[in-house]
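The values are calculated or read from the model by the stated rules, or taken from the named source; none is laboratory data. None of the values given here were measured: they were computed from a predicted structure. Cβ sites come from the backbone with ideal geometry, for glycine too, and all protein chains shown count toward neighbours.
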Amino acid sequence: MSRRAELAIYAAHSTQTRGRQHAEPSAAPRSEFQRDRDRIVHSSAFRRLEYKTQVFVNHEGDLFRTRLTHSLEVAQIGRTIARILHLNEDLVEAIALAHDLGHTPFGHAGQDALNACMKTHGGFEHNLQSLRVVDRLEERYAEFDGLNLCFETREGILKHCALHNARQLGDIGERFILKQQPSLEAQVANLADEIAYNNHDVDDGLRSGLITLEQLQKIGLFARHLHAAQVKYPQLAGRRLINETVRRMINTLVLDLVEHSQDAISGAGVDSLKAVRSAPMLIGFSPALVAENHELKQFLRQHLYRHYRVARMSAKAAKVITDLFGAFLADPGLLPTEHQKKAQHDAPRAIADYIAGMTDRYAMREYRRLFTIEEVSL
Ligand code: MG
């Protein structure tokens, strides 16, 4: 059965892609976006997501999400939404699986620290770095650097971008200058990301004991679904109760998003991907859910991301990243040989690429190798 026949007219059709930077023969019977998804899954940056974290440091517990499981959850939620809206599931999946490839070790603390190190060298943005990974840093093909992905996949990966960077990116940066939207598939992947992380941070936050059920009962979205689960299963407690609550929250957010977006799409009367680009953002939650979601995010920011135990990890992370960067910049001869070669052209950027590519544990090991006097294995 042809996939294309199932797609809405405003979806991104793989046969109408704006193409790849380096022309390649078709991958038929695979579609172009399936091929992109496959290239991402086989990349080394994708494998490293397993040992990178968002909020919790990877070695803290095997039960917490890593960027790999996070990316899989984003892909799952994104595909569900895309299927109902008759959008291109393969494209949503490709964007979802690649969206975090450029993240540094140690979550946001790592990114902030690396950005500070790069302040006078062009800065560091994880979205831009994700694009850099798929455009330039992966070394898998004889004929080109990077994964040579389709325009639509690349544009979805580049969720945000500062204007001065957009101006240097050619066609992929245009929409930030023209203030246009990306495809609906990119918009779906973006909100699937938000649904995934808010909910798994609630789950991981409770599991770690940094936030409590009692605190969350004051948060509308959580309280409503906790109540629904308790009404249906009055005896339920502990993990199962939390899981029944979280899965209801995800379901509500997905269904609300689908319904609200469908109305917005119909209301805008878009009849092509081109029309989608000039329309306002069409994928979104209803105003009521936007407000509830905002309340939950504020709660997580205040009670989880700023929890002193997270802050301690963040401070350590910042020290590891800052010290590594400083040592390599002062003496690029400390870099592994292949990175030394790259550093000959632009040392700060090559060092940022090397550090951003590290997993949490690799960064800590590298830190010990450089700064610990006791014998450690090289
Ligand atoms: Mg994400």
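The table below gives the values:
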| quantity | calculated |
| --- | --- |
| Filter pass, residue 279 being farther than 26 Å from residue 230 by Cβ and surrounded by fewer than 20 Cβ atoms within 10 Å (Cβ to Cβ) | yes |
| Residue 350 vs. criteria part of a helix (DSSP H, G or I) and exposed (fewer than 15 other Cβ atoms within 10 Å of the Cβ) | no |
| Top-ranked residue in segment 128-155 [being assigned to a helix (DSSP H, G or I) and of a type in the set (D, E, K, R); ranked as surrounded by the fewest Cβ atoms within 10 Å (Cβ to Cβ)] | 136 |
| Helices (runs of 4 or more DSSP H) lying entirely in segment 277-344 (those with 2 or more residues that are of a type in the set (A, V, I, L, M, F, W, C), modelled with pLDDT under 95 and within 17 Å of residue 106 (Cα to Cα)) | 308-330 |
| Condition met for residue 310 (within 19 Å of residue 216 (Cβ to Cβ) and β-branched (Val, Ile, Thr)) | yes |
| Unique residue being closer than 14 Å to residue 81 by Cβ and in the same structural domain as residue 160 (by TED's automatic domain parsing) when the list is 242, 211, 283, 219 | 283 |
| Helices (runs of 4 or more DSSP H) completely within segment 1-105 that count 2 or more residues being surrounded by fewer than 21 Cβ atoms within 10 Å (Cβ to Cβ), modelled with pLDDT under 95 and within 16 Å of the ligand (Cβ to nearest atom) | 67-84 |
| Residue 165 polar (S, T, N, Q) and either touching a Cys at 6+ places or on another chain (Cβ under 9 Å) or within 16 Å of the ligand (Cβ to nearest atom) (or both) | no |
| Enumeration of residues in segment 224-246 that are aliphatic (A, V, I, L, M), loosely packed, with under 14 Cβ neighbours inside 10 Å and in a helix (DSSP H, G or I) | 231 |
| Residue match in segment 324-347 (condition: surrounded by 13 or more Cβ atoms within 10 Å (Cβ to Cβ), of a type in the set (Val, Ile, Thr) and farther than 25 Å from residue 98 by Cα) | no |
